[in-house]
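Q: The structure's right below; bear with me while I get my questions together.
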Amino acid sequence: MAIDFRTVSITIPQGTGRRSIDGAAVFNSTVLNAGVALNGFALDFTAPDRPFNVMEADVDIVAITQNTVTFRVECQLADRNFDDPYSGYVTAMVTADVG
Ligand SMILES: [Ca+2]
C-alpha cells in the first residue's frame, strides 16, 4: 500500500450552459482506492463585464480501472438566461492508494 497523486488540468472549451467533461489520471500500478479534489479553476465569460447568476466547478470519481482513475468535471458560469459563452479550466488532484 502506498499513496500517490496526480494533478490533471481540464480545459473548458468555449460554450454555454452546464458542462460535463471526463478526465483521467494514470498511475504506475493498480489503483486500489482513490479520491479526487478540486485543485483550482478559472471560468471566464467571453464577453467582458457580464453579471453572473451561477458559478459551479465540481469534480467526482467516475471509475477506477487498473492503473487509471477516471473523473468527471462539471462546471457552469451563467447569467440569468444561460446564453453567454465562457471558457476556462478546472484542475483536479487525484489521490490514490496504489498496490
Ligand atoms: Ca445572457
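Derivation of every value follows stated rules applied to the coordinates shown; laboratory data play no part. Remember, predicted model here, so these are calculated numbers, not experimental data. Cβ atoms come from the backbone with ideal geometry, glycine included; neighbour counts cover every protein chain shown.
Q: So Gly99 passes all but one of these: (1) small (Gly, Ala, Ser); (2) more than 13 Å from the ligand (Cβ to nearest atom); (3) crowded, with 16+ Cβ neighbours inside 10 Å. Which condition number does it fail?
A: The one condition Gly99 does not meet is (3).
Q: When you go through (1) β-branched (Val, Ile, Thr); (2) more than 16 Å from the ligand (Cβ to nearest atom); (3) touching a residue at least 40 places away in the same chain (Cβ under 8 Å) one by one for Thr46, which number turns out not to apply?
A: Looking at each condition in turn, Thr46 falls short on (2).
Q: Pairs under 9 Å by beta carbon, first residue under 16 Å from Gly40 (Cβ atoms) in the stretch 72-87, partner within 16 Å of the ligand (Cβ to nearest atom) and among the β-branched types (Val, Ile, Thr), six or more apart or different chains?
A: Taking only residues 6 or more apart or on different chains, the pairs are Leu77/Val54; Ser87/Thr46.
Q: Then there is this: Only residues that are within 16 Å of the ligand (Cβ to nearest atom) and on the phi > 0 side of the Ramachandran plot: list them for the stretch 72-91, please.
A: First pass over the stretch 72-91, keeping only residues within 16 Å of the ligand (Cβ to nearest atom): 76-87.
Listed by number, the list holds a single entry, Phe82.
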